[in-house]
1. Out of (1) assigned to a helix (DSSP H, G or I); (2) in contact with a Phe, Trp or Tyr (Cβ under 9 Å, 6 or more places away or on another chain); (3) among the small types (Gly, Ala, Ser), what's the single condition that is false for residue 226?
2. Restricting attention to the stretch 39-52, and to residues there that are free of Cβ contacts under 8 Å to residues at least 60 places away in the same chain and surrounded by 20 or more Cβ atoms within 10 Å (Cβ to Cβ), which single residue is nearest to the chain's Cα centre (by Cα)?
3. Against the condition within 16 Å of the ligand (Cβ to nearest atom), under 24 Å from residue 183 (Cα atoms) and not hydroxyl-bearing (Ser, Thr, Tyr), how does residue 52 come out, does it pass?
4. Answer yes if at least one residue in the stretch 131-141 is away from the ligand (no atom under 16 Å from the Cβ) and at pLDDT 95 or above, and no otherwise.
5. Could you list all residues from the stretch 175-228 that are open to solvent by less than 30 Å² (accessible area, probe 1.4 Å), closer than 30 Å to residue 312 by Cα and touching a residue at least 60 places away in the same chain (Cβ under 8 Å)?
6. Do we find a residue being assigned to a loop (DSSP other than H, G, I, E, B), touching a Lys or Arg at 6+ places or on another chain (Cβ under 9 Å) and under 23 Å from residue 104 (Cα atoms) anywhere in the stretch 1-21?
7. Mind listing just one residue for me: the one in the stretch 97-111 that is over 23 Å from residue 151 (Cα atoms), touching a residue at least 24 places away in the same chain (Cβ under 8 Å) and part of a strand (DSSP E or B) and, of those, least open to solvent (accessible area, probe 1.4 Å)?
8. Mind checking which residues of the stretch 64-96 are open to solvent by 30 Å² or more (accessible area, probe 1.4 Å) and among the β-branched types (Val, Ile, Thr)?
Amino acid sequence: MKQVTRKKIEAIAAEVRRANSIVITAHVNPDGDAIGSELALYLTLRKLGKQVWVMNTDPLPEIYYFLPAAREVKQVEDFCPVCDLLFVLDCGSAERMGGNQMGHCPRVVNIDHHLEGHTFGDINWVEDKASSTAEMVAELIDGLGVEWDVEIATNIYVGVLTDTGGFRYSNTTPVALALAGRMVSYGVQPEKIARALYERQPLSALKLLARALDSLEVSEDGLVASMTITRRMVAECGVHGWEAENFVNYPRSLDGVEIAILYQEIDDKQVKVSLRSKGTVNVARIAKAFSGGGHFHAAGCRLSGDLLTVKRQVERLVHQMLYVRDEPISRR
Ligand SMILES: [Mn+2]
């Protein structure tokens, strides 16, 4: 372990020792890494006898209901925690927490692997080489000396698994794979988790996928592919509480595609945009330009405006990022 890492973990452990009441939160639209990290830390701090709450501004996607302690996650729209210590996980900026953000917590610890700002915590532990926040939380759990169990391990495993795209993205490092192996040694069953995450689609979601695939658009040079999900499509397919973000993997899977985009209409005024890159374009920069966040190869943001306006805005920026001089970046 690096010296800096050990120092950060020691400092965080000291904060934990001093605190009685602790709130854990993560970014808006929480994903598997955000939730897995929150719940693993929650279970760990409970074992240390702390009063702990997990609070998010957005609801927990149904797909994660199977996670140990998932029912402990509280959704609070006006997030304004009052506690001794606030943990902010997997969240590049205070704005990405949503709600009233910091609330009334004298101490804030921020643990993340995104590249962004991170100046909002009293302790900011940021490792952009970490595969996931879950990987960092696992190191913290070791540092706190709490005994591992299958519940904690399951949450960590899901964090690493989902943030590496099922061990496919470039952040699938030796450390990430070794950690996953270690979680399996604590009783995690990869087959069971893969089934829970990837093989439980409701029929309505598959119908929505068919509609979404019908909307597939590919740029003339084949480098950019996008799909669109309208509210009407969602209503007509009868989809409820289903997170369609993974559909972005279909345009991503096309041969030759560099950037894949999924547009999801939220309401009249808002569109959710998911971005994936297979090559040289940093989609986090695109998302950040629209106050979103993410990583080099996977990022997202929400834009105000109707679908057409939003598409035009995003496409303009994608075009700028993809083509420097006269030729595409990927062909240089
Ligand atoms: Mn993450």
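The values are calculated or read from the model by the stated rules, or taken from the named source; none is laboratory data. Predicted model, so just to flag it, every value in this text is computed and none were measured. Please note: Cβ atoms are built from the backbone with ideal geometry, for glycine as well, and neighbour counts cover all protein chains shown. Ligands, DNA and RNA are excluded from the accessible area calculation, which covers all protein heavy atoms including side chains. Shrake-Rupley method; radii C 1.70, N 1.55, O 1.52, S 1.80 Å.
1. In the conditions (1) assigned to a helix (DSSP H, G or I); (2) in contact with a Phe, Trp or Tyr (Cβ under 9 Å, 6 or more places away or on another chain); (3) among the small types (Gly, Ala, Ser), residue 226 misses (1) alone.
2. We begin by selecting, within the stretch 39-52, every residue free of Cβ contacts under 8 Å to residues at least 60 places away in the same chain; these are 42, 45-46, 49-52.
Next, only the ones that are surrounded by 20 or more Cβ atoms within 10 Å (Cβ to Cβ) stay: 42, 45, 52.
Working: 42: 18, 45: 22, 52: 22 Å.
Here the answer is 42.
3. Details: within 16 Å of the ligand (Cβ to nearest atom): no; under 24 Å from residue 183 (Cα atoms): yes; not hydroxyl-bearing (Ser, Thr, Tyr): yes.
No: the conditions fail for residue 52.
4. yes
5. Of everything in the stretch 175-228, those that are open to solvent by less than 30 Å² (accessible area, probe 1.4 Å), closer than 30 Å to residue 312 by Cα and touching a residue at least 60 places away in the same chain (Cβ under 8 Å) turn out to be 223, 224, 226, 228.
6. Here is the first cut: in the stretch 1-21, the residues assigned to a loop (DSSP other than H, G, I, E, B) are 1-2, 19-20.
Now restrict to residues that are touching a Lys or Arg at 6+ places or on another chain (Cβ under 9 Å): 19-20.
Narrowing further to those that are under 23 Å from residue 104 (Cα atoms): 19-20.
Yes, that holds for at least one residue.
7. In this case the residue turns out to be 109.
8. 76, 82
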